[in-house]
Amino acid sequence: MHVIVFVPGYLTSKTCSSAGDTYVDLHTHASKHGFEFIYIPMPNNNYGDLGNVTIDDCVDYVLSRYNTICDTRHVSDTIILAGHSMGGMIISRLLTSTFSQKLRRLPDFVRLINPAISPDTTIPQSVLSTLLAFVPHSLQGLAAFPLPVAERNTLYPGSPPYSPMVKPVLVL
């Protein structure tokens with residue numbers, strides 16, 4: 001059996017297999033080609049709970065879920081560990097010497113899709129994005145900030161409205 005363990009980006013859908021979800025196309029394509037697609041969304045993914053989940057919390061959560069998945073697999077199963085955006089950064093952390101020793105089984109393949117590894121932000125942008133992280137999304141959409149706030153469906157069909165500076169804050 002081929003298994004894709006997928007870690008999504010930040011502020012994406014809570015599931016992946018329903019119409020309108022962020023990664024439904026990826027899930028559909030994997031299923032058509034005989035892969036079991038296991039989706040590990042980050043804890044709370046910042047839905048209604050700003051600032052209470054750190055990157056380290058996410059890494060620990062994904063590590064725990066990945067190890068649980070490995071415990072239920074046969075030795076002959078092929079495991080592909082994949083992540084998009086913030087999920088890609090989390091996976092890259094899992095593969096460091098600190099965390100890779102904690103993995104019950106190393107993945108057979110690793111795929112990082114546009115990983116959020118090194119943000120290119122200035123100090124004023126970082127300060128402003130930190131402040132914006134505490135402003136509810138409903139207010140961000142109404143206010144005129146110096147940094148653009150993405151409109152719904154701007155980044156991809158079904159994308160939520162958010163400030164693009166939220167991701168660099170989490171990375172920093």
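The table for this structure:
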{"item": "Test: residue in segment 69-76 that is at pLDDT 90 or above, exposed (fewer than 12 other Cβ atoms within 10 Å of the Cβ) and among the β-branched types (V, I, T)", "result": "yes"}
{"item": "Residue check for P107: surrounded by fewer than 19 Cβ atoms within 10 Å (Cβ to Cβ) and either at pLDDT 85 or above or of a type outside the set (A, V, I, L, M, F, W, C) (or both)", "result": "no"}
{"item": "Leading residue by the ranking (surrounded by the most Cβ atoms within 10 Å (Cβ to Cβ)) among those in segment 32-66 that are modelled with pLDDT of 80 or more and over 21 Å from S100 (Cα atoms)", "result": "F37"}
{"item": "Filtered residues of segment 71-93 (kept if closer than 16 Å to Y39 by Cβ and either assigned to a helix (DSSP H, G or I) or not assigned by TED's automatic domain parsing to the domain that holds H27 (or both))", "result": "M86, G87, G88, I90, I91"}
{"item": "Positions within segment 101-116 being assigned to a loop (DSSP other than H, G, I, E, B) and either of a type outside the set (K, R) or under 24 Å from T12 (Cβ atoms) (or both), in sequence order", "result": "Q101, L103, L106, P107, D108, N114, P115, A116"}
{"item": "Where a residue in segment 80-109 is under 27 Å from T22 (Cβ atoms) and its partner, wherever it lies, is in a loop (DSSP other than H, G, I, E, B) and polar (S, T, N, Q), with Cβ under 7 Å and at least six apart", "result": "H84/N114; S85/N114; G88/N114"}
{"item": "Residue under evaluation T98, criteria (1) among the β-branched types (V, I, T); (2) assigned to a helix (DSSP H, G or I); (3) surrounded by 15 or more Cβ atoms within 10 Å (Cβ to Cβ), criterion not met", "result": "(3)"}
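The values are calculated or read from the model by the stated rules, or taken from the named source; none is laboratory data. The structure displayed is predicted, hence computed values, not measured ones. Here the Cβ is made from the backbone with ideal geometry for all residues, glycine too, and neighbour counts use every protein chain on show.
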